[in-house]
C-alpha cells in the first residue's frame with residue numbers, strides 16, 4: 001500500500017471517530033460510542049504496525065517514510081509544507097500512542113458505561129489521539145506546534161470533563177493556563193531558530209547547525225533550546241510548571257492514563273529526542289535540562305511519599321519518571337530517554353487503569369487509607385498492578401529495571417553526566433520503591449479498612465483485558481533494551497535492540513567513563529536500594545502501622561511541608577496569581593473605568609452638546625433663516641466699514 005495513504009489513514013481514523021461521536025454529542029449509548037472510538041484507535045494502530053514493518057525492510061541508515069500533502073505556509077523565507085515523516089523515532093511514538101491508546105479506549109467502554117455523556121467523552125478522546133499523532137509525525141516545528149496546542153486543548157476538555165463540579169473545572173483551567181505559559185516559550189524558541197537558520201524543518205536544522213558546540217548563554221542555539229525547554233517544562237510537567245499535572249486527576253481515570261502514560265506529557269521528551277543533533281551543540285542547555293529533570297524527579301518522589309489519594313500518588317510518580325527522562329536527555333542518553341518513555345507508557349498506563357479498576361470497585365473511593373485487602377476481591381487487578389509495581393521500582397527482569405538503570409548508568413558515565421546526578425537519581429529510585437510499595441500495601445494487602453456497605457468486585461472484561469495486555473508488556477517490554485553488560489541474561493534475546501534501532505537518527509556525545517564492573521556495581525546498588533526501601537515500606541504499613549505516624553510527628557514541619565507539596569501552589573497564588581489579579585483590578589478601575597471610559601463619555605457628551613447646538617440652528621423655519629441671513633449681512637457690513 002502507498003505510504004502516504006497509510007499515513008493519511010493513520011491520522012484520519014481518529015479524526016473520523018471524533019466527528020462521528022461529535023455529531024452524536026448527547027447520545028447515551030456508551031457501547032456504540034466506545035466501539036467507534038476504539039475501532040478508530042485500533043485502525044491507527046494497525047497502520048502504525050504496517051509502517052513499522054515497512055521500515056524494518058529498509059536499510060538502517062535510510063529508514064525514512066516521508067510524505068508532503070501540500071504547501072501550508074509560504075511567506076517570504078518561511079516555506080512550511082504540510083508534511084509528515086515516519087522514521088525510527090516517530091514510529092516508536094505512534095506505536096505507543098495508538099497501541100496503549102487503543103487499550104485505554106477499550107478500558108473506557110466499561111469505565112464510562114454509566115456516564116451521562118459517553119459520546120462526548122469518546123469524541124474528545126479520539127481528538128486527543130489525532131492531535132498527538134500530528135505532534136509526533138510532523139516533519140517541522142510548526143506542525144509539531146499545531147499538535148502541541150491540540151493536545152493542550154483536549155487536556156482542558158478531558159480534565160474538566162465533569163465541569164459541573166467546580167474543582168474539576170478549575171483543574172482543567174489550571175492545566176490549560178499553565179501550558180500556555182510554556183507554549184509561549186516554545187514559540188519564542190521556534191522564532192529564534194527560524195530567524196537564525198531560515199528553517200523550521202527538523203532535517204534542515206540538523207544539517208544547518210554549526211559543527212562546534214556553542215558555549216555562550218547568549219548564543220542563538222542555547223537561547224532557542226532553552227525556550228523550547230520552557231515549553232517542555234509546561235507540557236511534560238517539570239519544575240517550575242509541574243503543578244498542573246497532579247490536579248489533572250480531576251478527569252476520568254482513563255484520561256489520566258492517556259495523558260500520563262501514552263501521550264501529552266511525553267511530548268517534551270520526544271521533542272528533544274527528535275532534536276538531539278541540535279541539542280548536543282548547546283551543552284549549557286543540556287546541563288540545565290539534566291539538573292531540572294533530576295530535581296523534578298527527586299521533589300515529586302518526596303511528595304508522593306505523603307499523598308493518600310491513589311491517583312495523586314501515581315500523578316507525582318509520573319512527574320518523577322518524566323524527570324528521569326529529562327535527566328537522560330540532559331546527559332545525552334537520547335535512546336535511554338526514549339526507552340524509558342516506552343516502558344513507562346506500559347507500566348504507568350497499567351497502574352492508572354488499575355487504579356481506575358480499584359476506584360470502580362470501591363464505588364469512587366480514592367483514599368488508600370480506606371482500602372486494604374483488595375487482592376482477594378480483585379485478583380486480576382491485583383496481579384497486573386503487581387507487575388506494574390515491580391516494573392516501576394526497578395526489579396529485574398521487569399521493564400522498568402532496564403530503562404531506569406540505563407538512565408542511571410548514563411547519568412554516571414556520560415561526558416555530560418556526573419556522580420551527583422547519579423546520586424540524585426539513585427535516591428529518587430529508593431523513594432519510588434518506598435511510596436509505590438506503600439501504595440500496594442495500603443490498597444491490596446493487609447486488613448480491609450472499608451465499611452460493610454462497600455462490596456468490592458472485579459471489573460468487567462473490557463477493563464481487565466487491557467490490564468492483562470499492559471501487565472504482559474510491563475514484564476517483557478524492557479527486554480528490548482537489555483544492556484550489553486548483561487548480554488545473554490535472557491536466552492534468545494540479544495542486547496541493545498532498542499539502542500541499535502535509534503542509533504542512526506540520534507546524536508552521540510562520545511565515549512564516557514567507567515566499565516563493566518562499575519556498571520554492574522551501580523546496577524546492584526540501585527536494586528539493593530529498591531529492595532531496602534520496599535522492605536522499609538512493608539514494615540511501616542503492614543507490620544508497624546503506627547511507625548509512619550511517629551516518624552511524621554518527629555519530622556514535624558518538614559513532614560508538613562512535604563505533605564503540602566512544599567507550598568508551591570500557595571507561593572504561586574500569593575506571589576504571582578494574586579498580584580496579577582489585583583494589578584488587573586487596579587488597571588480595570590483606574591485605567592479602564594476612570595480614564596478610558598470617562599474620556600469616551602466626555603467625548604460623547606461634547607459631540608452630543610455640539611449636535612444639540614447645531615440642531616437649534618437647523619430648525620427648518622424660514623423666518624429664522626432669514627433672520628440669520630440679515631444678522632450675517634449686518635455683521636459682515638460692520639466689519640467691512642470698520
| Top-ranked residue in segment 202-218 [being buried (at least 19 other Cβ atoms within 10 Å of the Cβ) and more than 23 Å from the chain's Cα centre (by Cα); ranked as farthest from residue 142 (Cα to Cα)] | 214
| query | Among the numbered criteria (1) surrounded by 20 or more Cβ atoms within 10 Å (Cβ to Cβ); (2) over 30 Å from residue 319 (Cα atoms), which single criterion is violated by residue 238? | reply | (2)
| task | Take residue 286 and decide whether it is touching a strand residue (DSSP E or B) at 6+ places or on another chain (Cβ under 8 Å) and buried (at least 20 other Cβ atoms within 10 Å of the Cβ). | result | no
| note | Per the list (1) out of contact with any strand residue (DSSP E or B) (no Cβ under 9 Å at 6 or more places or on another chain); (2) farther than 24 Å from residue 315 by Cα; (3) assigned by TED's automatic domain parsing to the domain that holds residue 25; (4) part of a helix (DSSP H, G or I), residue check on residue 103 breaks on (2)
| field | Among (1) more than 26 Å from residue 454 (Cα to Cα); (2) crowded, with 19+ Cβ neighbours inside 10 Å, the one test that residue 397 misses | value | (2)
| note | Reported set for segment 59-80 where residues are surrounded by fewer than 12 Cβ atoms within 10 Å (Cβ to Cβ) and either in contact with a strand residue (DSSP E or B) (Cβ under 8 Å, 6 or more places away or on another chain) or part of a loop (DSSP other than H, G, I, E, B) (or both) is 59, 70, 71, 74, 76, 77
| query | Does segment 521-541 contain any residue that is more than 32 Å from the chain's Cα centre (by Cα) and within 26 Å of residue 414 (Cβ to Cβ)? | reply | yes
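Tell me yes or no: at least one residue of segment 227-236 is in contact with a strand residue (DSSP E or B) (Cβ under 8 Å, 6 or more places away or on another chain) and in a helix (DSSP H, G or I).
no
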| query | Among the listed residues 591, 577, which satisfies the condition of being within 29 Å of residue 170 (Cβ to Cβ), surrounded by 11 or more Cβ atoms within 10 Å (Cβ to Cβ) and modelled with pLDDT under 90? | reply | 577
| task | Working carefully through the options 483, 494, 545, 557, find the one that is under 22 Å from residue 60 (Cα atoms) and surrounded by fewer than 18 Cβ atoms within 10 Å (Cβ to Cβ). | result | 494
| said: Residues to consider are 175, 224; find the one that is under 21 Å from the mean Cα position of the chain (by Cα), more than 30 Å from residue 315 (Cβ to Cβ) and modelled with pLDDT of 90 or more. | reply: 224
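The values are calculated or read from the model by the stated rules, or taken from the named source; none is laboratory data. The shown structure was predicted, so the numbers you read here are calculated from the model rather than taken from an experiment. Backbone-built Cβ (ideal geometry, glycine too); neighbour counts: all protein chains shown.
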